[in-house]
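Working notes, structure below.
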Amino acid sequence: MKNWMKVVLGVALSFMVLFTCIGYAALTDTLSIFGKAEITVPEGLFIVDMQVKGSATELDVNEFTYIPYSTTVDVGLSNSKSNTAGTVTYTITVFNNTKRTYAYRDLYYQSPLENYNGNQYIVKTDNRWRNQELIVTTAFPNGNKVEPGESLSFEVTYKVDTGLNRNQTWKSLTNYQFGINVDSIAEAQEAVFEKFLNILNAPSTYQTLCARIDDKFNGAEWSSNYIGNVTGSYSDDSTTVNELFAGQLQMVIDGVKNPVTVMIKHENVDGRQDTGDDYTAVNGNQSFTGYGCEFTLYMTTDVLDGKTTPEIYAAVFTCDRNEDGSCGSWYMLGEHYRGTATINSYDGGNNTGSFDTGTWRSYAETYTPIDGYSYQLANNLTIQQVTQDTDANAVAVLEQMLTQAKKILDDNIYAGSGMEALEKTYFAYMDASDLYNVDANGNITVKDGVTRSQIVPHLQKIANALKAFEGVQ
């Protein structure tokens with residue numbers, strides 16, 4: 001074994017042991033829910049506390065709670081007297097467990113208006129009902145922004161405007177929407193794709209996503225293999241998507257609030273069955289199995305009204321298989337690509353409000369994933385064509401960079417750049433090992449059939465590692 005392998009592995013293992021013993025708990029705190037199980041706190045902005053501040057009413061404050069790892073609260077108000085009206089104010093505290101700044105955006109009622117057992121009423125999603133039955137207002141004494149790693153407390157007041165008859169109950173399921181502050185469309189894209197990667201690599205959110213898509217199997221065929229938060233989407237679909245993204249689909253770009261529309265599709269995109277995941281959807285006695293499936297995230301900030309051609313970005317995410325056949329970490333194949341798609345309704349047809357993911361086509365555009373390497377994407381390519389395309393220039397650049405990394409490792413070049421840089425180079429070099437062969441003379445050759453989309457993530461990782469060695473002899 002080469003000396004650099006011994007040195008780097010020794011340092012890596014020592015570092016890993018120290019990290020596990022000292023720093024792990026601080027970075028991934030766990031919580032016990034109802035004393036039954038421990039789970040890792042997800043990345044996102046969510047409510048961590050809710051208290052009654054006061055009441056200017058004879059209303060009885062019933063149970064109130066917040067849904068774990070969300071910004072949704074469940075409030076019940078009732079009375080023991082006839083035709084009682086008034087207000088109850090709560091103090092809600094949210095915590096920002098991300099690296100981005102959030103700010104309060106809007107209020108959203110999630111429950112439909114309906115009589116329940118003859119004496120319970122639930123607030124409707126449509127805001128036109130707000131002033132007739134229940135008014136909810138918010139107050140932010142210390143501003144509405146939440147910086148990374150910080151908490152923010154604000155007040156919400158529930159006002160029963162028309163009064164409640166004796167033994168009647170108001171039941172309100174309300175979502176307080178927070179979104180990311182960004183300065184450009186590009187930053188918004190980065191935030192959304194970054195969040196989606198976190199969703200795929202967290203077991204709980206990954207399972208939630210898969211379960212919702214699998215529910216689309218009706219026992220004979222797929223009604224659809226996608227979910228989205230577009231206009232006209234099923235409430236379960238849009239709710240799942242918005243909760244998974246935890247407020248990151250509401251953004252302020254150049255001072256203007258922009259809702260971000262996404263569609264998530266589960267299908268084989270790279271043409272391989274040894275990457276991505278497998279699934280079996282079951283309905284009664286019928287089942288459907290897919291092999292080697294990726295997730296494609298389509299996103300836009302354009303209005304899908306059919307009056308203009310929407311600009312829709314698409315990014316494909318896959319994983320390499322572990323030895324036991326399970327998925328390793330998910331990552332983006334290639335880059336996120338700009339294109340467009342045909343406007344239609346959520347389940348097809350000639351209406352507006354959504355788009356057909358199967359009609360997505362690329363725009364002709366030049367992409368530069370790293371300094372020194374660019375490529376031109378042709379117009380009107382499907383996402384499968386983009387993902388499966390090969391590129392001789394990408395192969396040549398990867399071989400050159402791998403050769404450079406190998407020389408650094410073989411010669412133990414770390415003077416002036418430290419062992420950390422050498423370790424980073426080692427892992428970048430080894431992460432790409434499925435893509436290349438090394439002959440007896442140490443020459444590196446990229447394997448036949450390796451696609452550009454496979455190469456690009458490794459180019460970026462190796463280029464980042466090699467920066468520490470610029471100017472080092």
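Please determine, by comparing only the residues of the range 299-322 that are of a type in the set (S, T, N, Q) and open to solvent by 10 Å² or more (accessible area, probe 1.4 Å), which one is farthest from residue 361 (Cα to Cα).
Out of the qualifying residues, it is 322.
Specify the residue that is modelled with the highest pLDDT; the eligible residues are those in the range 160-186 that are buried (at least 20 other Cβ atoms within 10 Å of the Cβ) and over 18 Å from residue 69 (Cβ atoms).
Out of the qualifying residues, it is 172.
Select from the range 383-402 the residues that are open to solvent by 70 Å² or more (accessible area, probe 1.4 Å) and without any contact (Cβ under 8 Å) to a residue 60 or more places away in the chain and list them in ascending order.
Selection gives 385, 392, 393, 400.
Specify the residue that is nearest to the chain's Cα centre (by Cα); the eligible residues are those in the range 36-62 that are at pLDDT below 75 and open to solvent by 70 Å² or more (accessible area, probe 1.4 Å).
Checked the range 36-62; the qualifying residue nearest to the chain's Cα centre (by Cα) is 40.
With the condition kept exactly as written, say whether any residue in the range 340-353 is open to solvent by 30 Å² or more (accessible area, probe 1.4 Å), aliphatic (A, V, I, L, M) and modelled with pLDDT under 95.
Checking the range 340-353: at least one residue is open to solvent by 30 Å² or more (accessible area, probe 1.4 Å), aliphatic (A, V, I, L, M) and modelled with pLDDT under 95.
Residues of the range 101-140 being in a loop (DSSP other than H, G, I, E, B), open to solvent by less than 40 Å² (accessible area, probe 1.4 Å) and at pLDDT 75 or above, which ones?
Within the range 101-140, just 101 meets the criteria.
Are any residues in the range 330-339 more than 11 Å from residue 457 (Cβ to Cβ) and surrounded by fewer than 19 Cβ atoms within 10 Å (Cβ to Cβ), and if so, which ones?
Once the filter is applied, which keeps residues that are more than 11 Å from residue 457 (Cβ to Cβ) and surrounded by fewer than 19 Cβ atoms within 10 Å (Cβ to Cβ), the range 330-339 yields 336, 338.
Checking residue 289 against (1) in contact with a Lys or Arg (Cβ under 9 Å, 6 or more places away or on another chain); (2) under 23 Å from residue 208 (Cα atoms); (3) polar (S, T, N, Q); (4) surrounded by fewer than 14 Cβ atoms within 10 Å (Cβ to Cβ): exactly one of these is not met. Which one?
(1)
Give the number of residues within the range 187-246 that are open to solvent by 20 Å² or more (accessible area, probe 1.4 Å), closer than 18 Å to residue 281 by Cα, at pLDDT below 80 and not aromatic (Phe, Trp, Tyr).
4
Answer yes or no: is there a residue in the range 1-13 that is over 30 Å from residue 442 (Cβ atoms), assigned to a helix (DSSP H, G or I) and modelled with pLDDT under 50.
no
Step by step: first the residues of the range 414-466, then only those that are at pLDDT 90 or above and at positive phi, then the one that is most open to solvent (accessible area, probe 1.4 Å). Which residue is that?
Among those that are at pLDDT 90 or above and at positive phi, it is 449.
For the list (1) touching a strand residue (DSSP E or B) at 6+ places or on another chain (Cβ under 7 Å); (2) loosely packed, with under 14 Cβ neighbours inside 10 Å, I need the number of the one condition that residue 411 fails.
(1)
Any idea which of (1) open to solvent by 10 Å² or more (accessible area, probe 1.4 Å); (2) at pLDDT 95 or above is the one residue 295 doesn't satisfy?
All conditions pass for residue 295, except number (1).
The values are calculated or read from the model by the stated rules, or taken from the named source; none is laboratory data. Here the structure is a predicted model, which means the values were calculated and not measured. FYI the Cβ positions are ideal-geometry reconstructions off the backbone, even for glycines, and counts take in every protein chain you see. Heavy atoms of the whole protein, side chains included, go into the accessibility calculation; ligands, DNA and RNA do not. Shrake-Rupley method; radii C 1.70, N 1.55, O 1.52, S 1.80 Å.
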